[in-house]
1. Take the residues in the range 185-199 that are in a strand (DSSP E or B) and aliphatic (A, V, I, L, M); name whichever of them is farthest from the chain's Cα centre (by Cα).
2. Pull out all pairs, ordered by first then second residue, where Cβ-Cβ is under 6 Å, the residues are six or more apart or on different chains, the first lies in the range 67-88 and is within 16 Å of ARG130 (Cα to Cα) and touching a residue at least 40 places away in the same chain (Cβ under 8 Å), and the second is crowded, with 17+ Cβ neighbours inside 10 Å and hydroxyl-bearing (Ser, Thr, Tyr).
3. Please specify each residue of the range 146-165 satisfying the condition of being in a helix (DSSP H, G or I) and surrounded by 20 or more Cβ atoms within 10 Å (Cβ to Cβ).
4. Do we have any residue at all in the range 2-11 that's farther than 26 Å from VAL143 by Cα, outside any helix (DSSP H, G or I) and not β-branched (Val, Ile, Thr)?
5. Identify, by number, the condition in (1) at pLDDT 95 or above; (2) within 13 Å of the chain's Cα centre (by Cα) that HIS213 doesn't meet.
6. Which numbered condition in (1) in contact (Cβ under 8 Å) with a residue 12 or more places away in the chain; (2) among the polar types (S, T, N, Q); (3) surrounded by fewer than 18 Cβ atoms within 10 Å (Cβ to Cβ) is the only one that GLN189 fails?
7. Which pairs turn up if I take residues in the range 171-185 that are more than 10 Å from HIS9 (Cα to Cα) and look for partners that are at pLDDT below 95 and open to solvent by 20 Å² or more (accessible area, probe 1.4 Å) with beta carbon separation below 7 Å, at least 6 apart in sequence or on another chain?
8. Among (1) part of a helix (DSSP H, G or I); (2) among the acidic types (Asp, Glu); (3) open to solvent by 50 Å² or more (accessible area, probe 1.4 Å); (4) touching a residue at least 24 places away in the same chain (Cβ under 8 Å), where does GLU137 come up short?
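The values are calculated or read from the model by the stated rules, or taken from the named source; none is laboratory data. Keep in mind the model is a prediction, meaning the values are calculated, not measured. Cβ coordinates were reconstructed from backbone atoms using ideal geometry, including for glycine residues, and neighbour counts include every protein chain displayed. Surface areas here come from the heavy atoms of the whole protein model, side chains and all, with no ligands, DNA or RNA. Shrake-Rupley method; radii C 1.70, N 1.55, O 1.52, S 1.80 Å.
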Amino acid sequence: MGEIILVRHGQANSAATDEESYDRLSSLGHQQAKWLGEYLSEREGAFDKVISGSLRRHQETAAGIGYHSPLIDPRLNEMDYFNLGQALEDVHGVPFPGPDEFAAHVPQVMEAWHNAEIMGNETFASFESRVTSVLQEAAKPGVRVLCITSGGVIGMIMRHLLDLNPTRMAHVLLPIMNSSLHRINVIPQGPILASFNAIPHLDRDDRLHARTHY
């Protein structure tokens, strides 16, 4: 049986208002990656392949885990949510949310993007196609793959595996934790979800503060 483990990057610059400013780990994000690396080293066997998105926060997370030279694949990069949020405001007058308002905002963005009412740097269909192509290539019998990526990519993979509509996809991606693990088993019938949003490396009382979404 093959296996794919998806990792969401550590906490980034959550106070940012644009993608460039967001794309770096906070000090806590670096610590989350280090703790995750220690856990994987102790509890997981070797991976046949380690793949990272090309964004800075992906590569910093990979390095924190202990992989300084992962394979770089831009298909694992996040959707451009800041541009999508601006497009939603331009088209439908919905303002970009504050940190506590994303639960209502993300489903609106996903539905409008899916329906081609708004677009950022790519269409919803293009994002879906590039993300699922990575999954299909990684899903090989007997091969273990670690992928460092972002919450939107993980949400899209969940949509593919569970046949979710855009609103349900949004509801799945909203609670994805920084540095979380998402395990996919590869069986003869194809990839199936085995676990979602696990943070075993933060499962200690002295690390409760490190359980972050943004």
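1. Taking the range 185-199 first, the residues in a strand (DSSP E or B) are 185-187, 190-198.
Filter again for aliphatic (A, V, I, L, M), leaving 186-187, 192-194, 198.
Details: VAL186: 19, ILE187: 23, ILE192: 17, LEU193: 15, ALA194: 16, ALA198: 13 Å.
Looking at residues that are in a strand (DSSP E or B) and aliphatic (A, V, I, L, M), I get ILE187.
2. LEU76/THR149; GLU78/SER150
3. To start, the set of residues in the range 146-165 that are in a helix (DSSP H, G or I) comprises 151-162.
Passing the criteria: GLY151, GLY152, VAL153, ILE154, GLY155, MET156, ILE157, MET158, ARG159.
4. Start the filter on the range 2-11 by keeping residues that are farther than 26 Å from VAL143 by Cα, which leaves 11.
Still in the list and also outside any helix (DSSP H, G or I): 11.
When the remaining residues are screened for being not β-branched (Val, Ile, Thr), the result is 11.
Yes, the range 2-11 has at least one match.
5. For HIS213, the failing item is (1).
6. Tallying (1) in contact (Cβ under 8 Å) with a residue 12 or more places away in the chain; (2) among the polar types (S, T, N, Q); (3) surrounded by fewer than 18 Cβ atoms within 10 Å (Cβ to Cβ), GLN189 fails exactly one: (1).
7. LEU174/PHE102; LEU174/ALA103; PRO175/HIS213; ASN185/MET1
8. (4)
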